[in-house]
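The values are calculated or read from the model by the stated rules, or taken from the named source; none is laboratory data. On a predicted model such as this, the values are computed, not experimentally measured, just so you know. Cβ placement follows ideal geometry from the backbone for every residue including glycine, while neighbour counts extend to all protein chains displayed. The accessibility values were calculated without ligands, DNA or RNA, using every heavy atom of the protein model including side chains. Shrake-Rupley method; radii C 1.70, N 1.55, O 1.52, S 1.80 Å.
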Amino acid sequence: MAKSNEPVTIKKYANRRLYNTGTSTYVTLEDLAQMVKNGEDFVVYDAKSSDDITHSVLTQIIFEQEGKGQNLLPINFLRQIIRFYGDSMQMLVPRYLDMTIENFSKEQNSLRENFTKTLGIGGIGGFGILDEHVRRNMEMFDRTFKMFLPGGRAEETAAAPAASPQPDDFDELRRQVADMQKRLDKLGDGGKKE
């Protein structure tokens, strides 16, 4: 079957069944998760109302994966996300997370190769170098999120706290992302600590 540029249409029926119109078969959330992993784009519509429910279905896939003990999202991260719902900075969070995960995705193959070369291993879980790197990145994310909280401020920025983002806040975000990229690059160059 030739790949189309159009996303596959999935219909969700009242009985909670998902129907792939591209293959004319019923699918499960596991099947949709595999489609995501394979880079196949799809949209999910409610069969009755025709509403686009892709977001809620993708969220459900994440919920199911987390429920199986595959905890990818740290508790502190989840709490921070919940705090942003209804906050004036809520609209910035998706774009920031999108940019961050996109940069991480672009670098993941390089990171894997460098870990394999440097440490002579196939996987990267549970190693001190990675754990320290993840800890520093999580601290940086935490400071960034706090910068957007009302009355909060980033510990490393000299910008005064403000209720709405100032141009300096965006510059600080860009600087922190660039700093994270440099750290990833250094980590890939033999795991040398700063």
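Starting from segment 52-78, keep only residues that are touching a residue at least 40 places away in the same chain (Cβ under 8 Å) and within 15 Å of Ile101 (Cβ to Cβ), then list their pairs with residues that are of a type in the set (Asp, Glu) and assigned to a helix (DSSP H, G or I) whose Cβ atoms are within a distance under 9 Å, requiring at least 6 positions of separation or different chains.
Short answer, once both residue conditions are applied: Phe77/Asp142.
Is it the case that segment 53-69 has a residue that's more than 30 Å from Leu184 (Cα to Cα), at pLDDT 95 or above, in contact with a strand residue (DSSP E or B) (Cβ under 8 Å, 6 or more places away or on another chain) and part of a strand (DSSP E or B)?
no
Please identify the pairs in which a residue from segment 96-116 that is open to solvent by less than 40 Å² (accessible area, probe 1.4 Å) has its Cβ atom under 8 Å from the Cβ atom of a residue that is at pLDDT 80 or above, counting only partners at least 6 apart or on another chain.
none
Return only the number of the condition from (1) modelled with pLDDT of 70 or more; (2) in contact with a Ser or Thr (Cβ under 7 Å, 6 or more places away or on another chain) that Ala178 does not satisfy.
The single condition Ala178 does not satisfy is (2).
Would you be able to say whether some residue in segment 157-170 is at pLDDT 70 or above, out of contact with any Gly (no Cβ under 7 Å at 6 or more places or on another chain), of a type outside the set (Val, Ile, Thr) and surrounded by 14 or more Cβ atoms within 10 Å (Cβ to Cβ)?
Among the residues of segment 157-170, not one is at pLDDT 70 or above, out of contact with any Gly (no Cβ under 7 Å at 6 or more places or on another chain), of a type outside the set (Val, Ile, Thr) and surrounded by 14 or more Cβ atoms within 10 Å (Cβ to Cβ), which makes the answer no.
Go through (1) part of a helix (DSSP H, G or I); (2) under 29 Å from Glu6 (Cα atoms) and name the single condition Tyr45 misses.
(1)
State whether one or more residues within segment 24-44 are free of Cβ contacts under 8 Å to residues at least 60 places away in the same chain, open to solvent by 40 Å² or more (accessible area, probe 1.4 Å) and of a type in the set (A, V, I, L, M).
yes
Suppose we keep only residues that are touching a Leu at 6+ places or on another chain (Cβ under 8 Å) and not assigned by the TED database to the domain that holds Thr21 within segment 45-94. Which one would you say is surrounded by the fewest Cβ atoms within 10 Å (Cβ to Cβ)?
Selected residue: Asp87.
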